[in-house]
Amino acid sequence: MNYLRLYLLRHGQTENFEKRLFNGWTDVPLSELGRHQLDVSVAALQDINFTAIYSSDLSRALYGAKQLAEKRGLDLIVSQDWREMNFGDCEGLSFGEIQDKFPELASRIMRPIGGEEINFPGGESDKTFTARVAKTLASLCETHETGVVCLVSHAGVARAVLSEFMHLSVRDMWSITQSFAGLHVMDIFPDGTYILKVLNAYLGPEGYYQKGPGWEFLSQF
């Protein structure tokens with residue numbers, strides 16, 4: 001193998017997910033279903049010979065990453081740099097609450113104007129967030145020019161990784177669908193070119209809103 005195959009696995013469903021809160025750096029726990037989703041995903045990936053496992057340091061990502069690493073006798077590589085966007089003063093708020101407290105920010109989120117930066121007070125902007133992920137991704141690719149690596153993280157991180165290779169704008173990256181426990185797979189070549197093999201596959205019996213395609217689909221690639 002003269003390229004890096006990168007698996008991007010999102011954490012499972014979180015508690016109170018139905019409230020659609022802005023949980024970035026907040027260490028919100030997984031729901032019972034969320035833990036089950038990751039258990040099933042880990043089992044579905046049991047035959048993949050990963051050479052390294054990376055993870056965000058938040059517990060909702062660590063749950064699945066620890067299982068993947070332990071089953072292979074690998075040291076789990078954990079970093080805060082793989083965290084979701086820091087929403088600062090908006091952490092734990094619903095969009096309605098953001099509209100009440102930060103109406104101008106809410107307007108930008110809903111109706112972004114051109115490439116105007118969205119900056120969460122006390123946290124990160126969308127541009128600083130994607131720059132953080134891009135820098136951390138470059139380090140990973142430099143360390144692993146070849147091999148099979150799994151990164152367990154968050155929806156925003158997975159979107160930012162895909163956008164870095166697909167040259168999407170910060171605005172466009174939010175158009176990439178990302179389910180709980182959804183999986184993307186891409187091959188990254190030393191010259192920076194890539195092939196997106198799988199987008200948002202779900203390996204378990206329950207999808208976010210509907211049943212996913214399962215391992216049979218992924219095994220075709």
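No lab work stands behind these numbers, since they all come straight from the coordinates. Predicted, not measured: the structure shown is a model, and the values here were computed from it. Heads up, the Cβs are rebuilt from the backbone with ideal geometry, glycines too, and the neighbour counts pull from every protein chain shown.
Excluding W25 itself, calculate the net charge of residues whose Cβ lies under 14 Å from the Cβ of W25, where each Lys or Arg counts +1 and each Asp or Glu counts -1. Don't jump to the answer; show the numbers that get you there.
Details: positive: R60, R83, R132; negative: D27, D57, D81, E84, D89, E91, E124.
Within the 14 Å Cβ shell, the charges total -4.
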Legend entry - the stretch 58-69 - phi-based ³J(HN,Hα) in whole Hz, Karplus 6.51/-1.76/1.60, Gly and Pro as x: 7, 4, 5, 8, 4, 4, x, 5, 4, 5, 4, 6
Inset, instruction - Provide the per-residue ³J(HN,Hα) series for the stretch 151-156, in order, calculated from phi with Karplus coefficients 6.51, -1.76, 1.60 and θ = phi - 60°, each as a whole number of Hz, with x at glycine and proline positions. - result: 10, 9, 8, 10, 4, x
Legend entry - Residues whose placed amide H lies under 5 Å from that of S125, excluding near-sequence neighbours: F120
Legend entry - Over 31 Å (Cα to Cα) - which of K71/K197; K71/K127; K66/K101; K101/K197 fall in this group: K71/K127; K66/K101; K101/K197
Legend entry - the stretch 70-139 - percent relative contact order, Cα under 8 Å, separation 6 or more: 37 percent
Inset, instruction - Report the one residue of M110, G96, A131 whose Cα lies farthest in the direction of the positive end of the charge dipole of the stretch 83-153 (charges on C-beta: Lys and Arg +1, Asp and Glu -1; origin at the Cα centre). - result: A131
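Suppose we keep just the DSSP beta bridges with both residues in the stretch 4-218; what percent of those would be antiparallel, to 5?
Details: 14 of 28 bridges.
Counting only bridges with both partners in the stretch 4-218, antiparallel ones make up about 50 percent.
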Inset, instruction - Return the sequence-ordered ³J(HN,Hα) values of the stretch 174-190 in whole Hz as given by the Karplus equation 6.51 cos²θ - 1.76 cosθ + 1.60 applied to θ = phi - 60°, using x for Gly and Pro. - result: 6, 7, 7, 5, 8, 8, 4, 6, x, 10, 10, 9, 9, 9, 10, 9, x
Inset, instruction - Taking the Cα centre of the chain as origin, sum charge times position over the Cβ atoms of Lys and Arg (+1) and Asp and Glu (-1), and report the length of that vector in debye to the nearest 20. - result: 300 debye
